[in-house]
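The values are calculated or read from the model by the stated rules, or taken from the named source; none is laboratory data. It should be emphasised that the depicted structure is a prediction, and the values quoted were computed from it without experimental measurement. Note: ideal-geometry Cβ built from the backbone for every residue, glycine included; neighbour counts use all protein chains shown.
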Amino acid sequence: MLPYLLKRLLLAIPALWLMATVVFLLSRLLPGSFASERILESSAGYYSKGTESDRQAAYQSYVRRTGLDLPLFYFSVAPATQPPDSLNQIYNEPRQEQLRKLAWHYGSKHHAVAYLSSTELLERQLQTYPDASLKHHLQILRAEVKYEHLQKTAKSAVAVASNPQVKQAAEQVLERLQIMQQERASFAFLVPQLSWNGRQNQYHQWLIRLLQGDLGTSYRSSRPVLALLIEAIGNTWWLLICSMAITLALALELSILMVKKKSRFLHKLLLPFLFITDSIPVFVLALLLLVLLANPDFIQLFPVYGMGYYSPQQLSFWQQLSQWWQYMTLPMLCLVLSSLPYITNQVYASIHSAMRADYTRTARAKGLAEGAIIRRHVLRNSLLPIITIASDILPALVAGTLIIETIFAVPGIGRLLIDSVMARDYPVLIGIVLVIAAFRIIAFLLADLGYAWTDPRIKQQLA
Amino acid sequence: MKQVWQNIVDLWRRKTAFQMAAGYLILLLLLVLVLPWLPLPYGPDKLDYAHTFQPPFEPATAPDEARHLLGTDGLGRDVFSNMLYGARTALLISVPVMLLATLLGLILGAGAGFYADRGFTMHRSSLLVLVLGIICFCYYGLYLPIQITRLGLGATALAASLITGILLLMLLSGFFVLLHKRVTFFRKRLAVPVDQIVLRLIEGLSTIPRFVLILVLASFLPPSVVLLSLILVLTIWTNVARLARAEMLRIKQLPYFEAAKSIGLRANQLLLRHALPNLAGPVLVAFTFGLGGLLALESTLSFLSIGVPTTLVSWGRMIANIRSNTSAWWLVVFPGGFLSLTVLAFYTCSHYLTQSFSKNSKG
C-alpha cells in the first residue's frame, strides 16, 4: 500500500508543476500589469499623491522586485524589432508602449531608442529653460508614430524654439527622426527571431524561489503570500470539513429513511424538494437565506457578516467556539443545502442497489429487523461508492465555498481568491491554485486509503 | 435522429412535468427573441433617481408615469425589465457557448472513443506539416495580428502578416508533397494516440475545480463577453467529451456496428451514419443539463462582476445590488426566482430525457 501511495504522490508533482507554470506564464504574458493600474495612475489611488518622479521610482522598484526587466522564459520568439525587456527598467509603461510602437512601425529598435532618448533630452532642456509654446510639440513627439505628422511637429519645434539649447535638442530630434525614416523597414516584423536567454529569466528565478518555499509577496499588501494563505486557510478548512461531515451524515440518514418500506411518502416528498434545491444557484440560495434569516425586516436569527468582533479581554475556548458557531451557521447551512441533493441522490442509489442484493435477501430471510439489515449489512457494502462521491464532491464544495465566503464575508481562501482575481494579484492567485490542487491530490489519496479500508480486496490488488 | 425526436414527442404526450418544462423553455426563448420590440415602460439601463429602492407593486407616484411593477434597485433601474433583459443576455451567451462546447466535446470524445490509441494514423510528412503549420499559424495568425492591433500598425501590416502566413503554409505543404514522393521515410504511417491525448487534456483541465479555473483565466483577460465565452467553451467541453467517449466505446461493442465495420465501411461513414445517431440522445441530455449549469455559472460570474463588463445587463448584476441594502428583498427574489425556475426547467427536461433514453438502450 505504501509504495503505491508514494507513487501517486510522486506522479502528482509534475501535474502541480505544470499547472503552476501555465498560470505563471499566462499571468506574465498577457498585457495590463498590476503596476499600470495602481502605481502609475495619476488620477486616483494611493500612489496618486506622490509626484511624477516618486511614482517613477516606485514603479522602478516594483519592476526590479518582480523581475519584469528580465525576459520571460528560457527562449523567446519575437521579431527583431521588439525592444528587449531590460529597457523596462528605464522606461515606464506608456514610454515602453511608445517605444514598441515606434520600433514596430519603423522596423528598427535601435533607431527607435535613439529617437526616444532625443525627445527625452528635449524634455530635460525644456525643464531647465521653460517654453510654454513647445509643451504641445513635445506631447505630440512622444505620442504620435506617423512620420508626416512627427516631421511637421519637429520642424515647427525647431522654428519656434527661442533658446539655443532647446533649439539644438529639437534639431537632434528632427535629425534622428529622419534617420529613422530613411532606414525604415516597414515589414521587418514578419521575420521572427529566436533568442536564447539563459537562466537570467523571470520563470527560472520564480521557479527557484518556489522550490525554496518562497511563494513571493502579494502585489496588493506586500505581505508574504504564504502568511496570507496560512491566515485564510483555517476558516475555509473548518467551514469545508464541518459542512462536508454534516452533509454526508444527513445524506446517509435521509437515504436510509427513504429506502425503508414504511416511509414511501417521505420518498415522494423529499426527492422533488432536493431536485428543486439543486436548481437554485448557490449565490441565490445564500442571498435568500441572508435576506430571510439575518435581516431585521424578517427574522434576525444570525449575525450577517464576518467572523465576529475582537473583544478586549481574552475569551475562553468555549466562548470563542460559541461565537464562531453563531457566525458560521448560516454559511454552513448554505453549503450543506447546496451539496445535499447530489450526494443524497448518489448515496440513495448506492444503498438502493445494495438493498436488492442476495445477501440482503438472506438477511431478511433470517428474520432480522429492517434497521439492523440496513445498518449492519447494506451500509458497509455501499460505502465504496460513497467514498468516491465524497472525494468527487470536493470541487463543487470548493466552488460553493468561494461564493459563500464572498457573500458572508468570511476571511477564507475563497474570498482571498476572489479579491486577488479582482486586483490581478497574481502571486496570491498562484499560491491559492497550488493549495487547491494539492488539497485535491490529498483528497484522492485519502479516497484510495478509504477504498483499501472498506474493501480489503483492493489492498491486495494495489500491493 | 428520428428515434430521438420520437422519444421527445412521446415524452411530451405522456409526462405533464416535461410538457410544462419544455413549454416554459420554448416560451422563454420566444420572449427573449422578440424582447427588443416589446413596449416596456423602462429600459434596463434607464436610471430613475426619483425612485431608488422602490418596493414592488407600489402604485405610480405621478399619473403620467409608468409604475415600476417589481420595484427598482439602488440606481432606480427597473427590476422587471432588467429581469427580462437578463434572461436575454443569459440565453444569448449560454446557448451558443453550450452548442460550441458540445460540438467540441462530441468531436474530441467520439474521436477518442472511436480511434482509441492506434486507430488514427498519419503519414510522417503530414504530421510534420501539421506541427510546423501550427507553429506558423501561432506566429502569423495569432501573435502578429494581436501585436499589430495593439500597436495600431494598420490594415496593411495585418494583411501582410496573414498573407505571409498563408504563403508560408502553401510553400511548406508543397515542399512536403515533393518530399513525400521522393523519400520513403516520410511515407511511413504513424499512429496518433488520440485517446491518450484527449484523456490527458480532460485530466489536466480537471486538476483544479472548474469554477476556480474559470476565475483564474478570467483574471488574465480584460472583461469582455466574447473572451469569457471562449474561456467557458474551452473549459466545459470535458463533460460532453467524457460522455461521448464512454458512449462511443459502448456502441463500438454493439453487433450492428461490428457488422457495419466488417462490410468495409470507411471511418467517416461509420462515425456519421452509424455512431452519431446513437450518440445523439445522450449528448442531448448532456446539452440540456449543461445549459442549466451554464446559466447558473454565468449569473454567478456576473454577480461577482468577474469576466463580464459592468455595462452588461444580467441577472447577476441586478442581484448584486442587494449588497448595498439587505432589506431590498425583491432584488433577490424576482431575478433569482426567474433564474432558478429556468435552471429547474432545464434540469427537469434533462431528467426525463435521461429516463427515456436509458429505457431505450435497455429495450
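Details
- Failed criterion for B:LEU47 (all others in (1) surrounded by 17 or more Cβ atoms within 10 Å (Cβ to Cβ); (2) outside any helix (DSSP H, G or I); (3) among the aliphatic types (A, V, I, L, M) hold): (1)
- The lone criterion from (1) within 11 Å of another protein chain (Cβ to nearest Cβ); (2) more than 19 Å from B:ALA345 (Cα to Cα); (3) surrounded by 14 or more Cβ atoms within 10 Å (Cβ to Cβ) left unmet by A:PHE298 is number (3).
- Under the condition of being free of Cβ contacts under 8 Å to residues at least 24 places away in the same chain and within 8 Å of chain A (Cβ to nearest Cβ), the residues counted in region B:341-363 number 1.
- The sole residue among A:VAL421, A:VAL433, A:VAL428 that is within 8 Å of chain B (Cβ to nearest Cβ), within 18 Å of A:TRP206 (Cα to Cα), modelled with pLDDT of 85 or more and surrounded by 20 or more Cβ atoms within 10 Å (Cβ to Cβ) is A:VAL433.
- Flag for B:ASP73 being under 23 Å from B:PRO277 (Cβ atoms), modelled with pLDDT under 90 and either among the aliphatic types (A, V, I, L, M) or assigned by TED's automatic domain parsing to the domain that holds B:VAL308 (or both): no
- In region A:344-365, the count of residues that are within 14 Å of chain B (Cβ to nearest Cβ), part of a helix (DSSP H, G or I) and at pLDDT 85 or above is one or more.
- Residue within region B:86-100 that is in contact with a helix residue (DSSP H, G or I) (Cβ under 7 Å, 6 or more places away or on another chain), modelled with pLDDT of 85 or more, within 20 Å of B:TRP329 (Cα to Cα) and assigned by TED's automatic domain parsing to the domain that holds B:LEU291 present: yes
- Within region B:211-223, the set of residues being facing chain A (nearest Cβ under 7 Å) and in contact with a Pro (Cβ under 9 Å, 6 or more places away or on another chain) comprises B:PHE211, B:VAL212, B:PRO222.
- Total residues in region A:219-230 satisfying the condition of being in a helix (DSSP H, G or I) and either surrounded by fewer than 14 Cβ atoms within 10 Å (Cβ to Cβ) or modelled with pLDDT under 90 (or both): the figure is 2.
- Hits in region B:321-340 - residues which are facing chain A (nearest Cβ under 9 Å) and under 17 Å from B:LEU297 (Cβ atoms): B:PRO335, B:GLY336, B:LEU339, B:SER340
- Which numbered condition A:LEU368 misses (of (1) at pLDDT below 85; (2) outside any helix (DSSP H, G or I); (3) among the aliphatic types (A, V, I, L, M)): (1)
- Here A:VAL284 clears all of (1) within 14 Å of chain B (Cβ to nearest Cβ); (2) touching a residue at least 60 places away in the same chain (Cβ under 8 Å) except the condition numbered (2).
- Restricting the search to helices (runs of 4 or more DSSP H) fully inside region B:58-153 and requiring at least 2 residues that are touching a residue at least 60 places away in the same chain (Cβ under 8 Å) and under 18 Å from the mean Cα position of the chain (by Cα) gives B:79-115.
- Output for region B:194-213, where each listed residue is touching a Ser or Thr at 6+ places or on another chain (Cβ under 6 Å) and either surrounded by fewer than 19 Cβ atoms within 10 Å (Cβ to Cβ) or aliphatic (A, V, I, L, M) (or both): B:ILE202, B:LEU205, B:LEU213
- Odd one out for A:VAL421 among (1) in contact (Cβ under 8 Å) with a residue 40 or more places away in the chain; (2) closer than 30 Å to A:ASN295 by Cβ; (3) not polar (S, T, N, Q): (1)
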